[in-house]
Amino acid sequence: MFQTRLTQLFGMRLPVLGGGMMWLSDARYVAALARAGALGFVTPRSYDDPAAFRAAMRECREASDGRPFGVNITQSRRAEENRMVPEWIDIGLEEGARCFETVGPSPKELFDRIHAGGARVIHKCAFIPHALKAQDAGADAIALVGCEAGGHPGTNELPTFVLGALALERLRVPLALGGGIGTGRQIAAALAMGADAVLMGTRFLVCEEIWAHDDYKRHLAMQPAEASTLALQSTGHPWRVLDNATVRCTRAMEAKGASRYPDFGALSTGRLGRDSAYARGDWNTGLLSMGPSIGFADRIEPVDAVLRRLMDDAAAGAAHLRALAGASTSPTSHP
Ligand SMILES: Cc1cc2nc3c(=O)[nH]c(=O)nc-3n(C[C@H](O)[C@H](O)[C@H](O)COP(=O)(O)O)c2cc1C
């Protein structure tokens, strides 16, 4: 069901990508996505050194039952933080990754290096001009994320479905749509519109295979969509997160003039959230990437169970559309 250009390109069973999630997209979670028929991306930045990343890739390959898995290459705005990118790509290729999710600049050399190793690349961005540039530079596919996306959606203010509809008029390569997607009916809608897959992050945060503390996941499972908010807007690089005490603290600092990431000290680092919320369940501490699709996550359960329900709902959405189309063309329905 739902075979698309992207399921063919990446060899996954379902038109669902689990976008890379800093600290959380480890071997266990990415392999669980792979076994369930989706495609996930290990985040090398989450590891202390290349050896630890390589070990995670090996573990992922062993646990993936021969299904495809990928690597997320998130490039920083600061060039000095991208020194490791070539090595991460090489390790990923050597350890069996055949799909890369790239974010940030999209020079031809980046895609050439991945292609030379026999892998494919989907470039993720939030603006159509960036998507077109990446397409021209050789990206095999594009993932576009709307302003609803958890994490760093950039300064784009267009919602996922507006962005997607506009992009589909201009892109040649397959498109995955992300941001705010957390139900099967949304998946059906994205495919009906012409997208080749969806890309999701937030909806999977409460999965059993996500290593974060159960207290944190239980808290997330109770949150409505409105619990997602934009932090650090004064910096020009907003961060879509869980509304909590740290967000309120950064807003108080902004009211007093803070406007650059360093102005917020440790509060603006991902490590604070990792050590407090993920490791200890203290959901009030740290800026914790999360979008409004958290409103669709109501229990902790395995990745496989979430995906099965999503795809059943997507099938129901597709059947609904078929029935509507049939009804409107049936000669008996309009006497
Ligand atoms: C906890 C979390 C961490 C994330 N970390 C990264 C990251 O390191 N690199 C990246 O490219 N995207 C990251 N993202 C964005 C996701 O890959 C994906 O684009 C986004 O979650 C899709 O929108 P959704 O959250 O509304 O499903 C993160 C998202 C979340 C929720």
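What to note about this one:
Here is a yes/no grid of residues against (1) charged (D, E, K, R); (2) closer than 24 Å to Gly96 by Cβ:
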site: Arg113; (1), (2): yes, yes
site: Gly118; (1), (2): no, yes
site: Cys125; (1), (2): no, no
site: His130; (1), (2): no, no
site: Gly138; (1), (2): no, yes
site: Val145; (1), (2): no, no
site: Gly151; (1), (2): no, no
site: Thr155; (1), (2): no, no
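- Scan of the stretch 30-60 for residues that are under 29 Å from Met311 (Cβ atoms), surrounded by fewer than 24 Cβ atoms within 10 Å (Cβ to Cβ) and within 12 Å of the ligand (Cβ to nearest atom), ordered by number: Ser46
- Taken together, the criteria exclude Arg308 from residues that are among the basic types (Lys, Arg), within 14 Å of the ligand (Cβ to nearest atom), closer than 24 Å to Glu209 by Cβ and at pLDDT 95 or above.
- Selection count, the stretch 193-226, where residues are within 13 Å of the ligand (Cβ to nearest atom), within 30 Å of Ala318 (Cα to Cα) and part of a helix (DSSP H, G or I): 5
- Taking every residue in the stretch 150-162 that is part of a helix (DSSP H, G or I) and pairing it with any residue that is surrounded by fewer than 20 Cβ atoms within 10 Å (Cβ to Cβ), at least 6 positions away or on another chain, the pairs with Cβ-Cβ distances below 8 Å are Phe161/Met193.
- When residues of the stretch 227-249 are limited to those that are away from the ligand (no atom under 15 Å from the Cβ) and of a type in the set (Gly, Ala, Ser), the one nearest to the chain's Cα centre (by Cα): Gly236
- Check on Ala97, on the phi < 0 side of the Ramachandran plot, within 16 Å of the ligand (Cβ to nearest atom) and assigned to a loop (DSSP other than H, G, I, E, B): yes
- Total residues in the stretch 117-149, condition within 11 Å of the ligand (Cβ to nearest atom) and either outside the structural domain of Ile89 (by TED's automatic domain parsing) or not in a strand (DSSP E or B) (or both): 5
- The set of residues in the stretch 263-297 that are within 15 Å of the ligand (Cβ to nearest atom) and of a type in the set (D, E, K, R) comprises Arg271, Arg274, Asp275.
- Options Pro262, Pro292; residue that is crowded, with 18+ Cβ neighbours inside 10 Å, of a type outside the set (Gly, Ala, Ser) and out of contact with any Cys (no Cβ under 9 Å at 6 or more places or on another chain): Pro292
Table: residues versus (1) in the same structural domain as Ser64 (by TED's automatic domain parsing); (2) touching a helix residue (DSSP H, G or I) at 6+ places or on another chain (Cβ under 6 Å).
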position	(1), (2)
Gly270	no, no
Arg274	no, no
Trp283	no, yes
Gly295	no, yes
Val306	yes, no
Arg309	yes, no
Asp312	yes, no
Ala315	yes, no
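Let's see how each residue does on (1) at pLDDT 95 or above; (2) part of a helix (DSSP H, G or I); (3) under 23 Å from the mean Cα position of the chain (by Cα):
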| residue | (1), (2), (3) |
| --- | --- |
| Phe264 | yes, yes, no |
| Leu272 | yes, yes, yes |
| Ser276 | yes, yes, yes |
| Asp304 | yes, yes, yes |
| Asp312 | yes, yes, yes |
| Ala315 | yes, yes, yes |
| Ala318 | yes, yes, no |
| Pro335 | no, no, no |
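- Matching residues in the stretch 116-144 - criterion: being closer than 21 Å to Arg185 by Cβ and either hydroxyl-bearing (Ser, Thr, Tyr) or free of Cβ contacts under 8 Å to residues at least 60 places away in the same chain (or both): Leu144
- Pair list, Cβ under 6 Å, 6 or more apart: the stretch 78-100 residue in contact (Cβ under 8 Å) with a residue 60 or more places away in the chain, other residue in a helix (DSSP H, G or I) and crowded, with 20+ Cβ neighbours inside 10 Å: Cys99/Phe10
- Once the stretch 278-289 is narrowed to residues that are closer than 17 Å to Asp215 by Cβ and within 19 Å of the chain's Cα centre (by Cα), the residue that is surrounded by the most Cβ atoms within 10 Å (Cβ to Cβ) is Leu288.
- Members of the stretch 218-230 found to be under 16 Å from Val241 (Cβ atoms) and in contact (Cβ under 8 Å) with a residue 12 or more places away in the chain, listed by number: His219, Leu220, Gln223, Pro224, Ala225, Glu226, Ala227, Ser228, Thr229
- When the helices (runs of 4 or more DSSP H) confined to the stretch 1-81 are screened for residues that are under 24 Å from Ala195 (Cα atoms), those reaching at least 1 such residues are found at 5-10, 27-35.
The values are calculated or read from the model by the stated rules, or taken from the named source; none is laboratory data. Predicted, not measured: the structure shown is a model, and the values here were computed from it. As a convention, Cβ positions derive from the backbone with ideal geometry for all residues, glycine included, and neighbour counts pool all protein chains shown.
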